[in-house]
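Comments concern the structure below.
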Amino acid sequence: MTRDVWAEIDLDAYRANIRRVRAAVAPASVMTVVKNDAYGHGLDRIVAAAVDEGIRFVGVLDAPVGVALRRAGLPEDVRLFAWLFGPQEDYADAVANGVEIGVSSETQLERIVETADGRPARIHAKIDTGLGRAGARPEEWADLVAAIERSADAGLVELAGVWTHIAEASDEEDGVSIRAFERAVAGVSEGRRTGLVRHLAASAASFARDDSRFDVVRVGAFGYGIAPGDGVTPSSLGLVPVLSLRARVVDLDESGGAVLSIGSVDGLPGAGRRLEAAVDGRRVSITVGLVETTVAPEAGLTVGDVVTLVGREDRGEPTLQEWADSTGTIGEEIAVRLSPRIERLTHGG
């Protein structure tokens, strides 16, 4: 069957990235983050590869994804962590399936206890260290910890971790956040700190600062070979892009431009954008439309030629981050916006 548009998912590259990340952040462990269908790469295939590489902590963002993974046979020794919940969330399924829960407030804690069907929930208390993405503010922290410890004494919850999101704004500000996090951990009763999982850093911070790693780092973008931008490339970090997006020329317009049947409706950066793609490692100029993308006539393409929209820099292809730098976003955003109608083809193991 001839495909007009498809994405290739290189699981060998993903595995290599996981090994690279684990070596870089050791002795901290890695939580692989698979939110938004593993950043558009396909949840099941990515989780299977991660577990096969020895990953034993998976961050799923929202609990139903974790529940589905567990029910599909994810081994019990693989921990699941979710942190996005609504105010009226029912936590029963999450707790029953061993999904550990990020807790930001006493109100959320009360809701967990109310809906967990009498099972003790494993929770990770979140402190807001400056990013403003949920979490108890420093002045609220002591009260949240006290409420958690009372619930733990009653057998209603188990405090499994303390965590935060770091802003990654500047070295100075990140240092302030790290110190605030350390104070928050010290606010937990000494007897409860044994076995407590501390996690603050995501991909970029985990490579940049060894004082940010603590016990676990949450690695999303770097696992998929997506660099943080601002001129930093995947290869400079020792990473390989996992996703390549390709399209076949389906027509030529009256000026000789090659037409691809993919556009902004499929998740490409907004209509009217001019970007670069590649043909056999040679860069070509493209213009993104609503439902079609056109390659400049100078490329000299014919119907049936294959154009790589994003791929690997070692093959002369634009990376997700290169496109992101050109369009004022981040590589992860482009990956997760790619339409599910685009077939994902898996390569490697």
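With r as the distance between the Cβ atoms of Arg3 and Ala48 and R0 = 25 Å, compute the FRET efficiency 1/(1 + (r/R0)^6) and round to 0.05. Efficiency, rounded to the nearest 0.05: 0.55.
Sequence-distant contacts, meaning Cα pairs under 8 Å at least 6 residues apart, place the relative contact order of the chain at 20 percent. Were the residues from Asp90 through Asp117 laid out at 0.36 nm apart, the gain over their Cα-Cα distance would be 8.7 nm.
The angle between the Cα long axis of helix 171-186 and the longest principal axis of the Cα atoms of the chain comes to about 30 degrees, rounded to the nearest 10. The modelled label-to-label distance for the pair Asp12/Glu276, using points 7 Å beyond Cα in the direction of Cβ, is 2.6 nm. Is region 239-293 best put as rounded, prolate or oblate by its Cα gyration tensor, with a ≥ b ≥ c the root eigenvalues, rounded for a/c under 1.5, and otherwise prolate when a/b is larger than b/c, oblate when not? Oblate, since a/c reaches 1.5 and b/c is not below a/b. Anisotropy class assigned to region 6-85 is oblate, per the alpha carbon gyration tensor with a/c at or over the 1.5 cut-off and a/b no larger than b/c. The H on the amide N of Val33, modeled in the peptide plane, is under 5 Å from the matching H of Gly59, Val219, Gly220, each at least 5 residues off or on a different chain. Residue by residue, region 302-314 carries 3J(HN,Hα) couplings of 10, 4, x, 5, 9, 10, 8, 7, 9, x, 10, 5, 6 Hz when phi is fed to the Karplus relation 6.51 cos²θ - 1.76 cosθ + 1.60 (θ = phi - 60°); x denotes Gly or Pro.
Summarising the amide proton neighbourhood of Asp215: residues at separation of 5 or more, or on other chains, whose placed amide H is nearer than 5 Å comprise Arg198.
Site pair Glu106 and Arg56 shows an inter-label distance of 3.6 nm when each label is modelled 7 Å from Cα along Cα→Cβ. Tell me the angle of helix 106-115 to the major Cα principal axis of the chain, expressed in degrees between 0 and 90 and rounded to the nearest ten. Rounded to the nearest ten degrees, it is 90.
Using just the C-alpha positions of region 243-347 as equal point scatterers, what log10 of I(q)/I(0) does the Debye formula give at each q in 0.10, 0.22, 0.24 1/Å? Per q value, in the given order, log10 I(q)/I(0) is -0.24, -1.25, -1.49. Peptides 292-300, 275-283 ranked from most to least packed by the mean count of surrounding Cβ atoms within 10 Å: 292-300, 275-283. Placing a pseudo-label 7 Å from each Cα along the Cα-to-Cβ vector at Asp210 and Arg337 gives an inter-label distance of 3.9 nm. Per the Debye calculation on the chain with a single equal scatterer at every Cα and no solvent contribution, log₁₀ I(q)/I(0) for q = 0.07, 0.12, 0.13, 0.15 Å⁻¹ amounts to -0.34, -0.88, -0.99, -1.20. The angle between the Cα long axis of helix 138-153 and the longest principal axis of the Cα atoms of the chain comes to about 70 degrees, rounded to the nearest 10.
Values quoted throughout were computed directly from the atomic coordinates according to the rules given, and no laboratory measurement underlies them. This is a predicted model, so every value here is computed, not measured. Neighbour counts are summed over all protein chains in view; Cβ atoms, including those assigned to glycine, are modelled from backbone coordinates with ideal geometry.
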